[in-house]
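The values are calculated or read from the model by the stated rules, or taken from the named source; none is laboratory data. Quick caveat: nothing in here was measured; it's all calculated off a predicted structure. Please note: Cβ atoms are built from the backbone with ideal geometry, for glycine as well, and neighbour counts cover all protein chains shown.
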């Protein structure tokens, strides 16, 4: 059962209104389904829209932000809880610990970094939590093509490619996360390749 979902997303709104609308829709739907939100703690961009929508509809929202970003990302002032940590490493670790699954909305380097790290942790068996892309406006199509190429070229095993979920629809994605069971893989490196 999903109690909390960690969402990685931009501190910018992007150039298309559809990104902001998707963040708001995700926030509303998390609240309506009684699923708590864990996110980066900002009040601007997609982060702010996501948190505000969840809070407005009665949801629980937990932010995690390093001290150095409290002013730059403009920390949200009305969250259920805001954890202020020392470093980006602590931020990512705490967000991962607090969540049962992960979703990436559109964003830049920080969003990609945070999402790819938890996806890698899943591959390594450090957690068994679903990792999904909300592919708004087909934003993540190039990443999905790259993952398929990595699989075709032998850099990702089939079972590891399956760890990367994606959907263009918010409700459908949450449904998939609710029923998803992360596969157990004993060893992610083939002994014959060592």
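Search the stretch 107-130 for residues being part of a loop (DSSP other than H, G, I, E, B) and out of contact with any helix residue (DSSP H, G or I) (no Cβ under 6 Å at 6 or more places or on another chain), and hand back the single one that is farthest from residue 47 (Cα to Cα). Outline the logic, then answer.
The first filter runs over the stretch 107-130 and keeps only residues part of a loop (DSSP other than H, G, I, E, B), leaving 107-108, 125-129.
Filter once more, keeping what is out of contact with any helix residue (DSSP H, G or I) (no Cβ under 6 Å at 6 or more places or on another chain): 107-108, 125-126, 128-129.
On the way: 107: 10, 108: 12, 125: 28, 126: 26, 128: 25, 129: 22 Å.
The qualifying residue farthest from residue 47 (Cα to Cα) is 125.
Does any residue of the stretch 139-147 turn out to be outside any helix (DSSP H, G or I), over 17 Å from residue 27 (Cβ atoms) and within 14 Å of the chain's Cα centre (by Cα)?
yes
How many of the residues making up the stretch 1-42 are within 18 Å of residue 179 (Cα to Cα), out of contact with any helix residue (DSSP H, G or I) (no Cβ under 9 Å at 6 or more places or on another chain) and assigned to a helix (DSSP H, G or I)?
1
Tally time: how many residues in the stretch 43-71 are assigned to a helix (DSSP H, G or I) and either surrounded by 20 or more Cβ atoms within 10 Å (Cβ to Cβ) or in contact with a helix residue (DSSP H, G or I) (Cβ under 6 Å, 6 or more places away or on another chain) (or both)? Give the steps one after another, and end with the answer.
Pass one, the stretch 43-71, residues assigned to a helix (DSSP H, G or I): 45-56, 67-69.
After this cut, where a residue has to be either surrounded by 20 or more Cβ atoms within 10 Å (Cβ to Cβ) or in contact with a helix residue (DSSP H, G or I) (Cβ under 6 Å, 6 or more places away or on another chain) (or both) as well, the list is 45-51, 53-54.
The number of residues fulfilling the criteria is 9.
Just to be sure, is residue 102 within 17 Å of residue 165 (Cα to Cα), touching a residue at least 40 places away in the same chain (Cβ under 8 Å) and part of a strand (DSSP E or B)?
Details: within 17 Å of residue 165 (Cα to Cα): yes; touching a residue at least 40 places away in the same chain (Cβ under 8 Å): yes; part of a strand (DSSP E or B): yes.
In short, yes.
How many of the residues making up the stretch 164-183 are touching a helix residue (DSSP H, G or I) at 6+ places or on another chain (Cβ under 7 Å) and either in a helix (DSSP H, G or I) or at pLDDT below 95 (or both)?
5
Please verify whether residue 57 is closer than 17 Å to residue 169 by Cα, more than 17 Å from the chain's Cα centre (by Cα) and at pLDDT 95 or above, treating the condition exactly as stated.
On the way: closer than 17 Å to residue 169 by Cα: no; more than 17 Å from the chain's Cα centre (by Cα): yes; at pLDDT 95 or above: yes.
The answer is no for residue 57.
Determine, yes or no, whether residue 133 is under 15 Å from the mean Cα position of the chain (by Cα) and either in contact (Cβ under 8 Å) with a residue 12 or more places away in the chain or assigned to a loop (DSSP other than H, G, I, E, B) (or both). So that I can check it myself, show each step before the final result.
Values: under 15 Å from the mean Cα position of the chain (by Cα): yes; either in contact (Cβ under 8 Å) with a residue 12 or more places away in the chain or assigned to a loop (DSSP other than H, G, I, E, B) (or both): yes.
In short, yes.
Can you confirm whether residue 156 is more than 16 Å from residue 22 (Cβ to Cβ), without any contact (Cβ under 8 Å) to a residue 60 or more places away in the chain and within 14 Å of the chain's Cα centre (by Cα)?
Numbers: more than 16 Å from residue 22 (Cβ to Cβ): yes; without any contact (Cβ under 8 Å) to a residue 60 or more places away in the chain: yes; within 14 Å of the chain's Cα centre (by Cα): no.
No: the conditions fail for residue 156.
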